[in-house]
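Okay, structure first, notes after.
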Amino acid sequence: MIVGAGIAGLTSAWWLERAGWDVSVVEKAPSFRAGGYMIDFFGPGHEVARRMGLLPALEARRAPISSVTSVDSSGRRRAEISTAAYEAVADGVISLLRGDLASVVRDDLRASIRCGTTVSAVDDGRVTFSDGSSGEFDLVVGADGVHSRVRELVFGPSSSFVRYLGHHTAAFSFRDVELSARIGHRYQMLTVPQRMIGCYAVRDGSMAALMLYRSASPELPADPAAALRERFGDLGWVAPSLLSVVPQDVYYDEVSQVDMPVWHRGKVVLVGDACGAVSLFAGHGASLAMTGACVLAEELAAGTEGAFARYQSRMKPAVEHTQEFGRRFIGWMAPSSAWRISLRDLAFQLSGLPVVRKLIRGSVSPDIDGVLVSASRTPRG
Ligand SMILES: Cc1cc2nc3c(=O)[nH]c(=O)nc-3n(C[C@H](O)[C@H](O)[C@H](O)COP(=O)(O)OP(=O)(O)OC[C@H]3O[C@@H](n4cnc5c(N)ncnc54)[C@H](O)[C@@H]3O)c2cc1C
């Protein structure tokens with residue numbers, strides 16, 4: 001039983017059904033979550049996608065983003081990092097919508113997904129669902145994201161495991177042919193101390209928007225669209241256009257990481273953000289979610305006895321390393337003062353220089369590729 005049809009859940013389903021497991025998936029959302037926000041997909045997850053034979057399908061959905069541009073409140077360019085420079089620091093990066101990555105994995109699955117369903121009780125392998133039905137399973141994979149219900153039911157309250165990183169974020173897509181032509185396939189962003197608003201053209205006249213702001217409290221507002229209007233209403237550039245189209249079901253969340261000492265109990269195991277969210281600041285969450293799913297399936301195939309512990313011992317150091325790196329990246333993505341914004345923009349401007357590229361590489365690429373080499377396959381001696 002896999003709970004959550006996101007990146008980790010779908011990839012777990014893919015590997016487990018190929019290993020001969022009879023897989024069922026439940027998803028809380030009323031329908032499959034397509035679209036969403038743009039992610040940069042690279043690192044070990046990229047290698048997992050290659051092993052799954054999915055790279056051509058992912059490449060076909062690649063967003064043709066040509067640069068990342070920092071603009072001022074009139075939309076004038078302050079600094080720019082070209083895609084060529086970015087690709088030089090982020091090997092093989094594919095920028096695409098989170099929902100496109102999920103769809104590519106889903107389309108290669110045999111298992112069906114029961115949408116509009118969650119779990120109300122998990123007692124080792126015995127699972128009770130929100131529609132009142134229940135079942136007994138050999139393996140329960142909690143892949144239900146940063147606010148995991150499985151984690152709460154089996155391991156304890158979120159407050160014990162979730163580390164708030166002091167920011168709220170929102171992301172949404174909308175159609176605006178004129179704005180889309182004006183912004184183009186450049187990720188453009190306006191940063192003022194403690195706030196960032198960014199957007200880019202996606203395809204067919206559609207745009208994707210991302211907002212990020214500092215907030216002392218992780219508590220989410222009752223009306224996210226109103227909260228965004230209040231926070232960003234004084235900004236110029238495209239802010240008024242974006243704020244006028246925030247959908248009621250906007251993706252809105254606190255930015256946080258998940259840190260828990262043990263990722264498994266009995267027949268239950270967690271994967272992806274549920275046990276190791278690294279946050280959007282670290283930017284490798286989807287990659288690690290796919291890697292975790294693959295490593296879990298590899299260890300189960302090597303023998304169910306002790307498989308969860310071996311999976312955790314391979315994945316946890318990479319997750320912790322990426323989380324630490326993500327906390328350092330906050331200052332890049334959400335600089336807290338005007339001079340820090342200027343410093344970040346200066347680094348963008350100088351990104352063509354090898355020494356600056358090296359510095360940026362250290363900031364955007366944690367060294368986690370080794371996670372895919374299992375201990376049993378590592379040469380000894
Ligand atoms: C704005 C933003 C930008 C990001 N940028 C990047 C990036 O550039 N690169 C990168 O690699 N990562 C990035 N990430 C992180 C990445 O999206 C996540 O780490 C990744 O999606 C985690 O996968 P997951 O399957 O664990 O969780 P999710 O993708 O969140 O999927 C969880 C699934 O479980 C479902 N669910 C939730 N609760 C329940 C329940 N109770 N019952 C059943 N189902 C449930 C959800 O609806 C969802 O479908 C970004 C994240 C954000 C928010």
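Remarks
- Spatial extent of the range 1-103: Rg and Dmax, with the Cα atoms as the point set, Å: 17.0, 57
- Cβ-placed point charges (K, R +1; D, E -1), dipole of the range 299-340 about Cα centre in debye, nearest 20: 240 debye
- Summarised in one figure, the compactness ratio Rg/Rh of the range 156-264, Cα atoms and Kirkwood Rh, is 1.04.
- Relative packing of peptides 7-16, 301-310, 99-108 - highest average C-beta neighbours within 10 Å first: 7-16, 99-108, 301-310
- Beta bridge orientation in the chain: antiparallel %, DSSP, nearest 5: 75 percent
- Exposure check, 1.4 Å probe, all protein chains in place: His284 carries approximately 10 Å² of accessible surface.
- Rounded to the nearest 20 debye, the dipole magnitude of the chain is 960 debye, with +1 charges on Lys and Arg beta carbons, -1 on Asp and Glu beta carbons, and the Cα centre as origin.
- When +1 charges are put on Lys and Arg Cβ atoms and -1 charges on Asp and Glu Cβ atoms, the dipole computed for the range 246-356 relative to its Cα centre reaches about 260 debye.
- The packing ranking of peptides 287-297, 202-212, highest mean first, is 287-297, 202-212, where packing means the average number of other beta carbon atoms within 10 angstrom of each residue.
- Taking every full run of DSSP H in the chain, the ones that stretch at least 18 Å from end to end by Cα along their long axis and average -0.5 or higher on the Kyte-Doolittle scale are 285-302.
- Rounded D (µm²/s) - the range 274-322, Kirkwood Rh over Cα pairs, Stokes-Einstein at 25 °C, 0.890 mPa s: 221 µm²/s
- Out of every Cα-Cα pair that the range 135-185 contains, those further apart than 14 angstrom amount to 72 percent.
- The portion of the accessible surface of the chain made up by carbon and sulfur, rounded to a whole percent, is 52 (1.4 Å probe; DNA, RNA and ligands excluded).
- Note on the range 41-159: Kirkwood hydrodynamic radius from all Cα pairs is 18.1 Å, rounded to one decimal.
- For the pair Arg175 and Arg110, label points projected 7 Å from Cα toward Cβ lie 3.8 nm apart.
- Ranked by the mean number of other Cβ atoms within 10 Å per residue, highest first, peptides 271-280, 154-163 order as 271-280, 154-163.
- The share of Cα pairs per 20 Å bin across the chain, counted from zero up to the longest distance, runs 28, 59, 13, 0 percent.
The values are calculated or read from the model by the stated rules, or taken from the named source; none is laboratory data. Everything numeric here is computed off the predicted structure, so don't read it as measured data. FYI the Cβ positions are ideal-geometry reconstructions off the backbone, even for glycines, and counts take in every protein chain you see. Ligands, DNA and RNA are stripped out before the accessible areas are found, and what is left, the full protein with its side chains, is counted by its heavy atoms. Shrake-Rupley method; radii C 1.70, N 1.55, O 1.52, S 1.80 Å.
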